[in-house]
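Q: This is the structure I want to talk about, given as structure tokens.
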Amino acid sequence: PDSFCGSWEIISNVNFEGYMNALGINLYLRKIALRLKLKKVIEQQEDRYIIKTCSTFRNYATTFRVGQEFQEFTEGLDNRHVKSMVTWHGKKMVCEQVGEKKCRGWTHWMEEDKLHLELFCEGEVCKQVFKKK
Ligand code: RET
């Protein structure tokens, strides 16, 4: 399959506001976050993935093994503790984040040479697309 690994920069971002609102992120932080040019850096070491979301304002990183539940603290985002689990659904990498917020998670997949990301929370869906740097 096509590799997610590498550095990616955002080229579109639809309904990030709705997703952040669903997470309960305050207006001030939402306004800052909306203006950021996000980058993703994805690394794989054996069965371990490291996904970094980077910006000039704040970074967020997560490390996991596919199929192994892990505790995630969404530090600097909505600061919640969730139980996360990443699995493959065909060529899509799907994460469920179980906690206070319902239907929370994300899906990564490749289309042509672009990295697609859907972030979802309580019925809100944010769609982001990244191109390789
Ligand atoms: C930033 C800036 C501060 C406010 C918010 C942010 C959002 C981060 C997101 C990260 C998603 C990460 C994923 C990782 C996969 O492993 C940029 C930290 C709200 C939405 C999907």
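Q: In debye, nearest 20, what is the charge dipole magnitude of the stretch 58-133 about its Cα centre with +1 on Lys and Arg Cβ and -1 on Asp and Glu Cβ, if you could check? Before the final figure, lay out the partial values.
A: Numbers: 14 positive and 12 negative charges, 50 e Å.
With only Lys, Arg, Asp and Glu charged at Cβ, the dipole is about 240 debye.
Q: Mind checking which of Glu43, Glu111, Glu69 has the largest fluctuation in a GNM of the chain, springs on alpha carbons under 10 Å?
A: Maximum among the listed residues: Glu111.
Q: OK, next. How far apart, in nanometres, would the label points at Met110 and Gln71 be if each is projected 7 angstrom from Cα along the Cα-to-Cβ direction?
A: With each label point 7 Å from Cα toward Cβ, the separation is 3.5 nm.
Q: Sum up the charges of everything whose Cβ sits under 15 Å from the Cβ of Glu69, counting Lys and Arg as +1 and Asp and Glu as -1, but leave Glu69 out. Could you put the intermediate results ahead of the total?
A: On the way: positive: Arg48, Arg65, Lys83, Arg104; negative: Asp47, Glu72, Glu96.
Every neighbour counted, the sum reads +1.
Q: Using only C-alpha positions, report the orientation-averaged shadow area of the convex hull of the chain, nm², one decimal. Before the final figure, lay out the partial values.
A: Details: hull surface 29.9 nm².
Taking the Cα atoms of the chain, their convex hull projects to 7.5 nm² on average.
Q: Could you look at the stretch 78-133 and say what percent of its accessible area is carbon and sulfur, using a 1.4 Å probe and all protein chains? Before the final figure, lay out the partial values.
A: Working: 1550 of 3070 Å².
Result for the stretch 78-133: 51 percent of the exposed heavy-atom area is carbon or sulfur.
Q: Using Cα centres only, tell me the gap between the stretch 79-102 and the stretch 114-133 in whole Å.
A: So the two Cα centres are separated by 14 Å.
Q: Taking the alpha-carbon distance from Lys131 and a cut-off under 27 Å, which lysines remain once sequence neighbours fewer than 8 residues away in the same chain are dropped?
A: Straight-distance partners of Lys131: Lys31, Lys37, Lys39, Lys40, Lys52, Lys91, Lys92, Lys114.
Q: Report, to the nearest whole %, how much of the accessible area of the stretch 25-67 belongs to carbon and sulfur atoms, 1.4 Å probe, protein only.
A: Details: 1380 of 2760 Å².
Answer for the stretch 25-67 is 50 percent, counting heavy atoms of protein chains only.
Q: Taking only C-alpha pairs under 8 Å that are 6+ residues apart, what is the relative contact order of the chain in percent? Please report the intermediate quantities before stating the final value.
A: On the way: 287 pairs, mean separation 35.3, N = 133.
Normalised by residue count, the contact order of the chain is 27 percent.
Q: For the chain, with a Gaussian network of springs between Cα atoms less than 10 Å apart, report the residue from Arg35, Arg104, Arg80 with the top mean-square fluctuation.
A: Arg35
Q: Mind checking the per residue accessible area of the stretch 14-133 for me, 1.4 Å probe, whole number of Å²?
A: Working: 6930 Å² over 120 residues.
It amounts to 58 Å² per residue over the stretch 14-133.
Q: Let me ask something additional. Counting Lys +1, Arg +1, Asp -1, Glu -1, what net charge surrounds Lys131 among other residues with beta carbon under 9 Å of its beta carbon?
A: Numbers: positive: Lys114, Lys132, Lys133; negative: Glu9, Asp113.
After counting each charged neighbour, the total is +1.
Q: Further question on the same structure: Given a Förster distance of 22 Å, report the FRET efficiency between His89 and Ser12 from their Cβ-Cβ distance, rounded to the nearest 0.05. Mind showing how you got there, number by number?
A: On the way: r = 23 Å, r/R0 = 1.03.
So the FRET efficiency works out to roughly 0.45.
The values are calculated or read from the model by the stated rules, or taken from the named source; none is laboratory data. A quick note: this is a predicted structure, and the numbers were derived from the prediction, not measured. Positions of Cβ are generated from backbone atoms using ideal geometry, with glycine treated the same way; all protein chains shown enter the neighbour counts. In case anyone asks, the SASA skips ligands and DNA or RNA and just uses the protein heavy atoms, side chains included. Shrake-Rupley method; radii C 1.70, N 1.55, O 1.52, S 1.80 Å.
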